[in-house]
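Visitor: The structure follows.
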Amino acid sequence: MSQATRSSAPPSLWTIIVMMSLILYVPLIWLAWGSFHELQSDGKWVFTLRWYGELWGDQLVWQSLSNSFYVAFISSCISTFLGAIVGLSMTQESIWQKKFIQVSTSISLALPEIVFSISLLLFFFILNIPLSLNTVILAHALFSFAFVAMTVTARCCLFDQAQVEAARDLGANDTQIILKIILPFLSPALFTGWVLSFLISFDDFLLAFFLNGIGSDTWPVKLYSAMRAGLSPKLNALTSCMMLISMVILLSFFYLRFRKGKEAT
């Protein structure tokens, strides 16, 4: 009996994959390379850390980085808290209420971010709320909340309601059920949603650009301001640092997920 052979991908597909990879990653590699080199007067490129040294001494850059971390951390915590409430509602409400929650939390996903930014700006203007990092935090929390809610909702679909009924039969109250059954079950989704919300907030530009106050620029806004002055090796260093931070956060997340899954097995 002949053994079935696995069909291979057509050459055209590999060509598209290679071209997409080149378009995506070659500019990033060139950008990182340029941050470590300087063009001499004789036309030769030499290795240098000068641009990172100038970046290190720029207090405005460090302030914008601190603002980005602060906004991302607080907004992701708020988004995760709201996502946990949605998750708890999904395990306790009726079918039509679950559908209503799913639809209401998914509206912001279909709404363009530019429209979301302008509507929030108009909202703060009507209420005479001054723009600051607090308005950026609120905007990021409301925007990324839907992503956290979707992650938690997907986890809730796997929840066995019989666990709650068994806990009630054994005399557990609502607080004990939430703390000892539901929250431990939702913890992987909550952690994933927190990291996703953090990355969305840290890299976001539109909301921060429209809703930040004077002197409260985040790192993406600072990067945009530097680009308006023209491309420079210092800008390459700034962008490389931003990519490195995002990659470290993302790789740490995958490492923790892999380690946790390995311990579970």
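Visitor: Given the residues A226, A189, which is the only one that is surrounded by 14 or more Cβ atoms within 10 Å (Cβ to Cβ), under 30 Å from L122 (Cα atoms) and small (G, A, S)?
Guide: Exactly one residue qualifies, and that residue is A226.
Visitor: Got at least one residue in the stretch 93-102 being of a type in the set (K, R), part of a helix (DSSP H, G or I) and open to solvent by less than 80 Å² (accessible area, probe 1.4 Å)?
Guide: Yes, the conditions are met somewhere in the stretch 93-102.
Visitor: Something else: Where residues in the stretch 117-151 are of a type in the set (S, T, N, Q) and assigned to a loop (DSSP other than H, G, I, E, B), which of them is farthest from G83 (Cα to Cα)?
Guide: Of everything passing the filter in the stretch 117-151, N128 is farthest from G83 (Cα to Cα).
Visitor: Of all residues in the stretch 158-174 being without any contact (Cβ under 8 Å) to a residue 24 or more places away in the chain and open to solvent by less than 70 Å² (accessible area, probe 1.4 Å), which is nearest to D204 (Cα to Cα)?
Guide: A162
Visitor: Taking L111, is it under 22 Å from the mean Cα position of the chain (by Cα), open to solvent by 50 Å² or more (accessible area, probe 1.4 Å) and at pLDDT 90 or above?
Guide: In short, no.
Visitor: What number of residues in the stretch 17-55 are exposed (fewer than 12 other Cβ atoms within 10 Å of the Cβ), part of a helix (DSSP H, G or I) and hydrophobic (A, V, I, L, M, F, W, C)?
Guide: 10
Visitor: Just for the stretch 124-157: of the residues that are polar (S, T, N, Q) and within 28 Å of I182 (Cα to Cα), which one is surrounded by the most Cβ atoms within 10 Å (Cβ to Cβ)?
Guide: Ranking the qualifying residues of the stretch 124-157, first place goes to S144.
Visitor: Name every residue in the stretch 195-243 that is aromatic (F, W, Y) and either more than 14 Å from F69 (Cβ to Cβ) or in contact with an Asp or Glu (Cβ under 8 Å, 6 or more places away or on another chain) (or both), in order of residue number.
Guide: Answer for the stretch 195-243, where residues must be aromatic (F, W, Y) and either more than 14 Å from F69 (Cβ to Cβ) or in contact with an Asp or Glu (Cβ under 8 Å, 6 or more places away or on another chain) (or both): F205, F209, F210, Y224.
Visitor: If you check every pair at least six apart or on different chains, which have Cβ atoms under 6 Å apart with a residue in the stretch 239-258 that is within 25 Å of V221 (Cβ to Cβ) first and a residue that is β-branched (V, I, T) second?
Guide: So the pair list comes out as F253/V195.
Visitor: Right, next: Scan the helices (runs of 4 or more DSSP H) fully inside the stretch 152-265 and keep the ones with 1 or more residues being touching a strand residue (DSSP E or B) at 6+ places or on another chain (Cβ under 9 Å) and not assigned by TED's automatic domain parsing to the domain that holds Q40.
Guide: Output list reads 233-264.
The values are calculated or read from the model by the stated rules, or taken from the named source; none is laboratory data. This structure is a prediction, so every number in the text was calculated from the model and none was measured. When we count neighbours, we look across all protein chains shown, and the Cβ atoms used for this are built from the backbone with ideal geometry, even at glycine. Areas reflect the complete protein model, heavy atoms only, side chains present, ligands, DNA and RNA absent. Shrake-Rupley method; radii C 1.70, N 1.55, O 1.52, S 1.80 Å.
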